[in-house]
Every structure is written in structure tokens, then in C-alpha cells.
Amino acid sequence: MPPPLQAHRLLISHRRLPTPGRRRFTAVSSVQSAPATTLAPGPATSSILSIRESLLSGERTAADITSEYLSRLRRTEPSVRSFIHVADAAAQREAEELDRRIASGDKDAVGPLAGVLVGVKDNLCTANMPSTGGSRVLEGYRPAYDATAVRRLREAGAIVVGKTNLDEFGMGSTTEGSAFQVTTNPWDDSRVPGGSSGGSASAVSARQCVVSLGSDTGGSVRQPASFCGVVGLKPTYGRVSRFGLMAYASSLDVVGCFGSSVFDTATILSVVAGHDKMDSTSSSQGVPDYASELVSLDLLESKPLNGVRIGIIQETLGEGVDTGVASSIKGAASHLEQLGSVVEEVSLPSFSLGLPAYYILASSEASSNLSRYDGIRYGRQVSANDLNELYGESRANGLGHEVKMRILMGTYALSAGYYDAYYKRAQQVRTLVKESFKAALERYDMLISPAAPSVAYKIGEKINDPLAMYAGDIMTVLNTLFYFGDADLSLLWAMSQSICRHEILFDMVNVNLAGLPALVVPCGFVEGGAAGLPVGLQMIGSPFSEGNLLRVGHIFEQSLQNLSFVPPLLAEL
């Protein structure tokens, strides 16, 4: 293992190619940075490291730290509504037990996440806590076991503070699709936090917990991270066990994580990643200590990214992307160049094919996965005269509109006579997307793009005015219809209506189709709210290159000057 100072040189080797017409990026300032608060002076600092040092030095107790976070949660939760369930009493008991073990001299008590409060998306099973998937059909359901990712967090000393809100079964990108409540964005409580992991992103942004778990099927970690100004990581498919994650689309679902810094996110990934015998799709590839490979910027050379080749995806900066977002991403590209990297535009011709293919595949898998919620094995059961009526009424009353529509879409796509026209062709498109990424990542160490084409929008804005969403996505859908030429267009039309109502998936679904890792780091602000609205930069890597993404993200994060991604909500407390 090379010494830490050279960790940044471990980026994958690159092939030098001719670069005609290379474009350089000029930094563009959007708005003044948000006012800093005492919680985040300058570059993002590691909350996990701070907690660990406080416990080891005896400066603070786990009970004090837990009380501080719970107090902030109680004060902010009435307006933010990140959590469906808060286990405050259990969290306090676990913190006090940790303090007793530390006082007794138990050296094993201070694990890598000792005293760290974690929020868990409510589609991950947690023993002795409600696990609803954001759906009425599972209201009151309490699993007898923890999801593997949750179990590993607990074994590392983490304290699960509660279950965070989400769009029902992860189907949506605003968290307005929850059956229980609408979560707001800590930067502006009139705006959405993104979704479907909006509760997890909002909770970290509002410092209601230290870190959180989410899931990403088509951007559900990365888009909320951008909207809420936090770090979000979607690992490689198979890097983290899916055991205990409520299945939406099994070939796309990935457990991801949020933190207020890259270091914290890396620490969480090191704990939850790794093979699990309970998940046959989990990878047996070794898991490095990602956080130990992150080096302080002042210990690196003046051009710490020297030799790194980065491709900025041309298709993600064109029509449909807000001017302020495009300016922030170009400014981030310029900043990466100043750090020594070579940044060039790269075109992925199959990029626009991904979104419709994603909807067909995800809906088809959902129609199968969600058949288990029949009112007998799980969840709400209604009174009925016969079995068919019991199934029908239980699902009709327990499942929301969006979920039912996607089930119908998926069932249609898989039906006799339509399988080849829809599902098979969507799988062929998926192969094209994978090959496109593979070719690009053979030329570049990583690819970058906006994490979302806009900043957080107003609550109700996209649901109440679906044409506004439609305008941004219709060309993406229509440009792909030729590929499904002999198919009945009614399904694609229904699919586009779902996009219009809930989703701006942009380039994110392509990353899921290809099974690649992606990291989102805050990179700037655009006008909106009281102090500007955050913009996230997405970094995409080759399979199992999370370490590379985290190292570059850590250097980028540390080198941002005069930017504090702490929402104004916290300055008011």
C-alpha cells in the first residue's frame, strides 16, 4: 500500500488521445455564498472525526452529543419534517450505555462510528422500529431484523436516531409522494428537498443527524444531495448489500449515503460496503478504508490533481439545464483545471436513450416486486367477502397513485405480445448506455455533470403544473421513440406523464443503468431563497472506483474558498 501522501496518484491510468478543439472552462460566479455559521467555518469538516476525538479525549460524552442533535431535531422538525419516526428515547439510552462502557475502560467501545447519530431511509428495515417504505400499505410494520447496511452501522457504534421520509417505495423525486407528510428543504422551506431520499438529505443538511442512509434507483441519493447542499454517494451496484432494502427495481437499486463532508461519506461507505451472504448480487471485492486515503490539502502539492483526465458530459449542459446550474458546473470544471486536472468535453451519443429505457425496466421490476404487498403477507388488510376482493381492496387502499400507475405500466410492458417491443428493447438500450460509459471511462479517469438540471423547486410546482416538467423532458422521450418504433406508444405516453408529474431524472438514470458509482459534492449557489440555493457537481467513475471519486471530491471540497453549505435555518436557532 503506498503512503497516504501519494493516494491521489492511484487514479486509473489514462490513454492520451488527440484533443482537437479542446474547450477550457471559465469560472462563472452565480451569487454570493451563503453566510457561514459557527457550525461550518470554511471548508467542510468531519463531524464523525470531531465526535470521535471528543469521546476519546473525554471532552464530551455521547449523551451530550446525542442531546445536542436531538434538541436541534426537535426545533427544526416542525418545519423540515425529515423523519417519519424518531427513536429519541432509544438513542439516548444507547448513548448512555456507550458512556458507561467508555468509563469502564472498554477499548472496543469507541468504534469507528461510536456516538454518531444516523438517519435511515424508511425503505431500509430496522428491528423494533417502523419500516413503512413511505406507504400506507406498510403502516405499523416492524421488521424483526435490521437491513445489512443498518446492522453494520450499529456494529460500528452508530446510533440510529430514526427513519427518514421518502416518496412511496422510492417512486418520485420530490418526497411529495410520501403517504405521510411532505418534507421541506432546509435552505427554503417552500421548496422540495428532492427525492426519493429527500428526508435523509434534508436531515443531514439541517444537522438533525450526522450522516444518513438512502437508496438510489434513478438518482434518489444524488439529486437530493444537490438540492440540499450535502455530499451524496451512489456506490457501484453490488458494493453494498441490498438485504433488508425494500425492493423497487432490483437490478437498479443501490444503498447510498449522505454526509456533510466527503470524509464522513467515505467513513460510512467503508462500514456498510462488502460482501453479504444474504445478497447474492453483492460483490466479494475487497473494501478499502476509504477515509484513510483522504489527505489534507495542505499536505499535497500545489496541483494535487495533476495528470487526472476528466470528461464533462456535453449532453448535460445544453437545453433544459438552468443557466445558473450550467454556470456553476462550468465554474467547478475550471476549478478542477486549476487544481491540475485536464477537463475536456465528451459526447455520449446514447445518453438520451436512457430515460425511457429506465422507466420501462424500473416499472417492470416494480410490478413484480410490489406484488408481495397483498394485505396478507404484509401490511394493511381490508375486510372482504372473497380472496380476490381482499387482494384488490387492500392494494387499492394501501398503495398511492404513482405506485399503482408504475405497477400497471410494468405489468403492461411484460405482458404477452409486448415483452419484445418494450422490455427486451429497453435491455438493449441499457447495453448501449453501458458501452457508451465504458468507452468514455477508458479515455477519462472520471466524468462530471450537473447532479440535477435545476436547483430545488417550489413544493407543488411540478405536480400542479405537469407541463413545466414535460417541457424539460419531452425531447428526451420523443428522441427515443424511434427505437421503440413498432411498439404501441400508449405505454410510452403513460411513461412520459409519470416523468412530467414527478421526475427530473436527467442524466442520473444512466448511471444506474450502467451500475456505476457516482459522487455528488456541493459546488456553488444560484439565486433563490434567503441565501441562495445549492448546486451539486456529479462525479462518475468506473465500477468500484469509489476511492478515486472520494479522493478527488475531498480535494475539490477542501479547496473551495468562502463557500459554506450550512443552511440559513441553522443560523436562526
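Which percent of the accessible heavy-atom area of region 400-456 goes to carbon and sulfur, probe 1.4 angstrom? Can you show the working numbers first?
Working: 1330 of 2280 Å².
Ligands and nucleic acids excluded, carbon and sulfur reach 58 percent.
Loop-only GluC sites (Glu not before Pro) in region 227-332, please: DSSP not H, G, I, E or B, and at most 14 other Cβ atoms within 10 Å. Each step should come with its number before you reach the end.
Values: sites: Glu293, Glu301, Glu315, Glu319; in loops: Glu301, Glu319.
Loop-located and lightly packed - Glu301, Glu319.
With an 8 Å Cα cut-off and a minimum separation of 6 or more residues, compute the relative contact order for region 325-402 in percent.
15
Only loop residues by DSSP count here, and only those with at most 13 other Cβ atoms within 10 Å; note down the trypsin sites (Lys or Arg not before Pro) in region 275-381 that meet that.
Lys277, Arg377
Can you check how the C-alpha radius of gyration of region 243-322 compares to 2.2 N^0.38 Å, as a plain ratio? Intermediate results must be reported in sequence, preceding the final value.
Numbers: Rg = 17.6 Å, N = 80, 2.2 N^0.38 = 11.6 Å.
Compactness ratio reported: 1.51.
May I ask you to compute the full-extension gain from Ala89 to Asp322, defined as 0.36 nm times their residue separation minus their alpha-carbon distance, rounded to one decimal in nm? Numbers along the way, then the final one.
Values: separation 233, 0.36 × 233 = 83.88 nm, distance 4.41 nm.
Once the chain is fully extended between Ala89 and Asp322, it gains 79.5 nm.
Roughly to the nearest percent, how much of the accessible area of region 146-296 is carbon and sulfur, given a 1.4 Å probe? Present the calculation step by step, with values, prior to reporting the outcome.
On the way: 1330 of 2780 Å².
Carbon and sulfur: 48 percent of the exposed surface of region 146-296.
Let me have the relative contact order for region 297-455, percent, based on Cα pairs under 8 Å that are six or more residues apart. Display every interim value, and only then the final one.
Numbers: 180 pairs, mean separation 58.6, N = 159.
Result for region 297-455 is 37 percent.
Quick one: net charge around Tyr391, please, counting Lys, Arg +1 and Asp, Glu -1 for every other residue with C-beta under 13 Å from its C-beta.
That sum, taken over residues with Cβ under 13 Å, equals 0.
When the chain is fully extended, how far beyond the present Cα-Cα distance does Asp420 get from Asp64, taking 0.36 nm per residue of separation?
Between Asp420 and Asp64, full extension yields 122.2 nm more.
Hand me the GluC sites (Glu not before Pro) from region 348-408 located in a DSSP loop with no more than 13 other Cβ atoms within 10 Å, in residue order please.
none
Quick one: if the Förster radius is 45 Å, what FRET efficiency do Val182 and Glu345 give, using the C-beta to C-beta distance and rounding to 0.05?
Details: r = 38 Å, r/R0 = 0.85.
Efficiency at R0 = 45 Å is approximately 0.70.
Please work out whether region 138-272 counts as rounded, prolate or oblate from its C-alpha gyration tensor, where a ≥ b ≥ c are the square roots of the eigenvalues and a/c under 1.5 means rounded, while otherwise a/b larger than b/c means prolate and anything else oblate?
rounded
Between Ser302 and Arg142, what is the FRET efficiency for a Förster distance of 60 Å, r being their Cβ-Cβ separation, to the nearest 0.05? Before the final figure, lay out the partial values.
Values: r = 55 Å, r/R0 = 0.91.
The pair Ser302/Arg142 has a calculated efficiency of 0.65.
Taking 7 Å along the Cα-to-C-beta vector as the label spot, tell me the Ser284-Ala571 distance in nanometres, rounded to one decimal.
Here the answer is 5.4 nm between the modelled labels.
Taking 0.36 nm per residue of separation and subtracting the Cα-Cα distance, what length does fully extending Val382 through Arg75 add?
On the way: separation 307, 0.36 × 307 = 110.52 nm, distance 3.76 nm.
Residue separation times 0.36 nm, minus the Cα-Cα distance, leaves 106.8 nm.
Describe numerically, in nm with one decimal, the distance between label points set 7 Å from Cα along Cα→Cβ at Lys434 and at Ser368.
1.6
Under 19 Å from a point placed 7 Å out from the Cα of Leu56 along the Cα-to-Cβ direction: which residues of region 288-311 have their backbone N that close?
289-297
Tell me, what is the percent relative contact order of region 363-446, built from C-alpha pairs under 8 Å that lie six or more residues apart?
31
With a ≥ b ≥ c the root eigenvalues of the C-alpha gyration tensor of region 285-437, is it rounded (a/c under 1.5), prolate (a/b larger than b/c) or oblate?
prolate
Compute the distance in nm between two label points, each set 7 Å from the Cα along the Cα-to-Cβ direction, one at Gln427 and one at Lys107.
5.4
Using only Cα atoms, what is the ratio of the radius of gyration of region 55-94 to 2.2 N^0.38 Å?
Details: Rg = 11.8 Å, N = 40, 2.2 N^0.38 = 8.9 Å.
Against the compact-globule rule of thumb, the ratio is 1.32.
The values are calculated or read from the model by the stated rules, or taken from the named source; none is laboratory data. These figures come from a predicted structure and were not determined experimentally. Here Cβ is always computed from backbone atoms with ideal geometry, including for glycine, and neighbour counts include all displayed protein chains. Ligands, DNA and RNA are stripped out before the accessible areas are found, and what is left, the full protein with its side chains, is counted by its heavy atoms. Shrake-Rupley method; radii C 1.70, N 1.55, O 1.52, S 1.80 Å.
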